[in-house]
Amino acid sequence: MPLNRRKFLKKSAVTGAGVAIAGAAAAPSAQAAEAGKPAGKPVRQPKRYALTVLGTTDLHGHVFNWDYFKDAEYKDAAGNAQGLARISTLVNQIRKEKGRENTLLLDAGDTIQGTPLTYYYAKVDPITAKGGPVHPMAQAMNAIGYDAAALGNHEFNYGIETLRKFESQLRFPLLGANAVDAKTLKPAFQPYVMKTFCVKGAPPVKVAVLGLTNPGIAIWDKAYVQGKLAFPGLEEQAAKWVPKLKSLGADVVIVSAHSGSSGTSSYGDQLPYVENSAALVAQQVPDIDAILVGHAHVEIPELRVTNAKTGRTVVLSEPLAYAERLSVFDVELVFEKGKWVVESVSSKVLNSNSVADDPKITKLLGDEHAKVVAYVNQVVGTATETLTTVEARYKDAAIIDLITKVQEDVVKAALAGGSYASLPVIAQASPFSRTSEIPAGDVTIRDLSSLYVYDNTLVAKLLTGAQLRAYLEFSAQYFVQTAADAVVDPEKLTNAGGRPDYNYDYVSGLSYEIDVAQAAGSRIKNVTYGGVALDDAQQFVLAVNNYRANGGGAFPHVAAAQELWAESTEIRTRIAEWVTAKGVLDPKDFASVDWKLTRDGTPVF
């Protein structure tokens with residue numbers, strides 16, 4: 001599907017969303033305050049209207065409260081529930097209470113990646129095939145009745161063709177004002193939608209929804225978007241579009257932003273834009289009333305930000321990911337001096353564990369769910385012992401060595417016979433999950449998928465020994481500095497400064513120590529390759545996932561390093577192929593102790 005096939009502005013985004021009919025009426029006239037006195041002239045009460053905006057984000061393919069990796073109903077220690085089937089029940093309840101005609105339902109992105117369900121309909125039975133299926137997320141969101149959704153960065157993980165096909169299957173617009181054509185810089189997706197709500201005895205209320213996505217897409221999915229799409233900053237594009245929306249008569253401006261509120265970035269200084277800039281948008285751009293926040297996977301019932309230019313308060317809310325929460329914005333308007341004015345905005349989140357699945361959704365997607373359950377339970381090999389990630393954050397775990405071994409083998413095969421075939425190949429991998437387990441006995445696709453939960457692909461980069469040393473030093477910032485004589489609590493040893501597990505890397509093929517008694521930047525000790533001290537000038541091929549290769553996590557040198565090879569097959573697929581070919585998963589074929597934590601030379605464990 002051509003990238004510029006949608007001339008959405010010609011369709012009139014102002015009215016293309018349709019008109020909702022609301023039933024809010026003027027309040028009755030006041031009577032004389034004191035009984036017994038003659039009634040005076042009736043006091044005209046101002047017209048009022050109450051709008052309820054509902055929002056989800058980072059659904060990541062969660063339709064049901066089901067853990068495909070465990071082949072069981074989802075459970076966690078906090079008692080959360082997941083899935084659009086639960087959200088549908090909450091939405092139905094609120095629509096019944098408020099009147100469907102007085103509500104908007106939005107999403108802030110990251111919809112079509114994240115579970116075996118979404119992988120299956122992108123790769124195994126792809127929606128892009130001739131006569132292919134309708135994506136389960138499109139079916140569910142259409143059935144629930146979403147009004148609009150913003151693009152998330154993970155929408156691009158399967159390429160533009162898959163994204164465009166998904167977009168075509170939706171009965172609501174997919175918004176991205178800052179997803180522009182790389183050559184013309186014109187919007188490549190619909191920037192906004194305008195909804196009109198009718199009020200008895202008063203002019204209609206016009207509500208604009210502006211969609212903004214994450215500029216990090218240019219880095220994380222460079223292979224798909226480079227030269228085709230560009231992603232300018234959210235603040236810049238909001239400042240461009242919000243005045244246009246007001247000039248078109250918007251009484252309320254809602255932003256659906258796939259961007260967190262913290263003001264931080266995970267890709268360093270490679271782009272002049274802030275990754276998590278929702279609060280900055282609220283602070284810098286006038287005339288926004290509320291922002292549905294996404295991307296960061298944190299729960300924000302209500303965050304109030306003062307706009308620096310107007311002094312007005314902007315209300316932000318981010319519901320927890322995977323459909324565990326639903327944000328609810330209550331917007332109160334009053335008609336005065338010939339126009340609607342937003343009088344107040346408040347927000348909260350509702351917990352989806354408080355309701356049951358909507359049977360309409362479970363019936364609608366029961367067949368698709370059953371197909372994916374059967375797929376992930378296919379046996380591809382046998383494990384000689386149980387492998388787990390429980391201690392993988394702070395001990396060299398064999399289960400992570402499986403990932404690096406597969407990556408090394410794939411890259412070696414790809415470079416064989418070429419000019420770089422003689423260089424040593426090493427690999428990185430992160431302990432993505434703290435609960436993944438490959439049990440002794442039959443190994444299934446779901447066992448291996450739980451080990452590698454992202455749809456990353458493999459890249460080969462050329463680095464020197466000195467660059468790898470700097471790479472390891474940067475990775476070691478993950479550990480909390482712990483004095484040599486202090487008691488070690490493994491649960492408090494990692495995630496220094498809030499650094500997530502996926503931004504800590506093992507590097508196979510080298511042997512090294514991480515001295516956590518030292519300050520960050522001085523922790524990597526005794527680095528060797530092949531039993532001798534690492535030569536800073538020696539060249540290596542690093543087998544690395546595309547997220548890291550493109551700059552994700554801001555690790556030094558790797559993004560700028562020469563790329564020798566890359567492919568589009570997911571690493572998790574390569575792991576399944578490797579295990580299938582071996583038949584038997586035995587640690588002696590892939591495990592090695594490459595690193596350990598120390599304090600002043602003494603092992604921590």
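Taking a ≥ b ≥ c as the square roots of the eigenvalues of the Cα gyration tensor of region 386-529, is the shape rounded (a/c under 1.5), prolate (a/b larger than b/c) or oblate?
The shape class here is oblate.
If you average 1/r across every pair of different Cα atoms in region 142-196 and take the reciprocal, what Kirkwood value do you get, in Å?
Computed over Cα pairs of region 142-196, the Kirkwood hydrodynamic radius comes out at 12.1 Å.
Mind jotting down the distance between the C-alpha centroids of region 444-489 and region 323-337, whole Å?
Between the Cα centre of region 323-337 and that of region 444-489, the gap is 43 Å.
For region 492-502, take each phi angle, set θ = phi - 60°, evaluate the Karplus expression 6.51 cos²θ - 1.76 cosθ + 1.60, and give the result in whole Hz per residue in order, putting x for glycine and proline.
10, 8, 10, 6, 4, x, x, 5, x, 4, 6
For region 507-605, what ratio Rg/Rh do Cα atoms give with a Kirkwood hydrodynamic radius? Mind dumping the intermediate values first?
Numbers: Rg = 16.5 Å, Rh = 16.4 Å.
Dividing the radius of gyration by the Kirkwood radius yields 1.01.
Could you tell me how many degrees, from 0 to 90 and to the nearest 10, lie between the Cα long axis of helix 571-582 and the main elongation axis, the longest principal axis, of the Cα atoms of the chain?
Relative to the chain, helix 571-582 is tipped by roughly 40 degrees.
For region 239-319, give me the percentage of DSSP beta bridges that are antiparallel, rounded to the nearest 5 percent.
If I count the DSSP bridges inside region 239-319, around 40 percent turn out antiparallel.
For a test of the definition: using alpha carbon positions, the gyration tensor, and the 1.5 limit on a/c, classify region 416-466 as rounded, prolate or oblate.
Values: a/c = 2.84, a/b = 2.15, b/c = 1.32.
Prolate.
Can you give me the C-alpha center-to-center distance between region 246-298 and region 513-580, rounded to a whole angstrom?
Rounded to whole Å, the Cα centres lie 33 Å apart.
At 25 °C and a viscosity of 0.890 mPa s, what translational diffusion coefficient does Stokes-Einstein give for the chain, taking Rh as the Kirkwood radius over Cα pairs? Give it in µm²/s as a whole number.
Numbers: Rh = 26.0 Å.
This corresponds to a translational diffusion coefficient of 94 µm²/s.
Kindly report the accessible area of region 117-157 per residue (heavy atoms of protein chains, probe 1.4 Å, no ligands, DNA or RNA), in Å².
Numbers: 1050 Å² over 41 residues.
Using a 1.4 Å probe on heavy atoms only, each residue of region 117-157 averages 26 Å².
Based on the mean of other Cβ atoms within 10 Å per residue, sort peptides 101-107, 239-245, 588-594 so the most packed one is first.
Going by the mean number of other Cβ atoms within 10 Å, highest first, we get 101-107, 239-245, 588-594.
Any chance you could run the full-extension gain for E336 through K96? It's 0.36 nm times the residue separation minus the Cα-Cα distance, nm to one decimal.
83.5 nm
What's the carbon and sulfur percent of the chain's accessible surface, probe 1.4 angstrom, rounded to a whole number?
51 percent
Could you give me the percent of Cα pairs per 10 Å distance bin for region 470-532, shortest bin first, beginning at zero and ending with the bin that holds the maximum distance?
22, 52, 24, 3
For the chain, calculate the relative contact order in percent as a whole number, restricting contacts to Cα pairs under 8 Å that are 6 or more residues apart.
Relative contact order comes out at 14 percent.
With a Cα-only, solvent-free Debye model of region 203-269, what are the log10 I(q)/I(0) values at q = 0.14, 0.16 Å⁻¹?
Taken in order of the listed q values, log10 I(q)/I(0) reads -0.53, -0.66.
Take the alpha carbon gyration tensor of region 71-177, find the square roots of its eigenvalues, order them as a ≥ b ≥ c, and report rounded if a/c is under 1.5; if not, report prolate when a/b exceeds b/c, else oblate.
Because a/c hits 1.5 or more and a/b fails to exceed b/c, region 71-177 counts as oblate.
Amide H neighbours of I291 under 5 Å, counting only residues 5+ apart in sequence or on other chains, H built in-plane at 1.01 Å?
Counting only residues 5 or more places away or on other chains, the set is V255, V315, L316, S317.
What are the semi-axes of the equivalent ellipsoid for region 317-422, taken as the square roots of 5 times the Cα gyration tensor eigenvalues, largest first, in whole Å?
Equivalent ellipsoid of region 317-422: 50, 24, 18 Å, largest first.
Pull up the cross-link candidates among the lysines for K337, meaning alpha carbon to alpha carbon under 16 Å and not fewer than 8 places away within one chain.
Candidates past the 8-residue exclusion: K47.
For T382, enumerate residues with amide H under 5 Å from its amide H, sequence gap 5+ or separate chain, H modeled in the peptide plane.
V443, V584, L585
Over region 480-562, what is the relative contact order in percent, taking alpha-carbon pairs closer than 8 angstrom and at least six residues apart?
Worked out over region 480-562, it gives 20 percent.
Where both residues lie in the chain, what percent of DSSP beta bridges are antiparallel, nearest 5?
65 percent
If the limit is 20 Å between Cα atoms, which of K130/K360; K228/K461; K492/K588; K96/K360; K244/K339 go over it? Walk me through the numbers before you get to the answer.
Values: K130/K360 28 Å; K228/K461 24 Å; K492/K588 31 Å; K96/K360 16 Å; K244/K339 18 Å.
Table pairs above 20 Å Cα-Cα are K130/K360; K228/K461; K492/K588.
Accessible area per residue of region 251-336 at 1.4 Å probe, in Å²?
On the way: 2890 Å² over 86 residues.
Accessible area per residue: 34 Å².
Could you tell me how many degrees, from 0 to 90 and to the nearest 10, lie between the Cα long axis of helix 234-247 and the main elongation axis, the longest principal axis, of the Cα atoms of the chain?
20 degrees
Per residue, how many Å² of accessible area does region 496-605 show with a 1.4 Å probe?
41 Å²
Between helix 84-98 and the chain, what is the angle of the helix's C-alpha long axis to the longest principal axis, kept within 0 to 90° and rounded to the nearest 10?
For helix 84-98, the angle is close to 10 degrees.
Let me see the pair-distance distribution of region 259-340: every alpha carbon pair, 5 Å bin width, integer percents in order.
Taking all Cα pairs of region 259-340, the binned fractions are 3, 15, 21, 20, 18, 12, 6, 3, 2, 1 percent.
If the convex hull of the alpha-carbon atoms of region 442-508 is projected onto planes in all directions, what is the mean projected area in square nanometres?
Values: hull surface 29.9 nm².
The orientation-averaged projected area of the Cα hull of region 442-508 comes to 7.5 nm².
Can you sort H557, H154 by solvent-accessible area, 1.4 Å probe, largest first?
Numbers: H557 80, H154 40 Å².
Correct descending sequence by accessible area is H557, H154.
Taking θ = phi - 60°, what integer Hz values does the Karplus form 6.51 cos²θ - 1.76 cosθ + 1.60 yield along region 592-600, in sequence order, with x for Gly and Pro?
Result, ordered by residue: 7, 9, 9, 8, 8, 7, 9, 9, 6 Hz.
Would you compute, from DSSP H runs of 4+ residues alone, the mean residue ellipticity of the chain at 222 nm, taking -39500 (n - 2.57) per run and dividing by the full residue count, rounded to the nearest 500?
Values: 15 runs with 135 residues, N = 605.
One gets -6500 deg cm²/dmol as the mean residue ellipticity at 222 nm.
The values are calculated or read from the model by the stated rules, or taken from the named source; none is laboratory data. Only a predicted model underlies this, so the values are computations on that prediction, with no experimental measurement involved. Cβ coordinates were reconstructed from backbone atoms using ideal geometry, including for glycine residues, and neighbour counts include every protein chain displayed. Quick note on the areas: whole protein, heavy atoms, side chains included, nothing else; ligands and nucleic acids left out. Shrake-Rupley method; radii C 1.70, N 1.55, O 1.52, S 1.80 Å.
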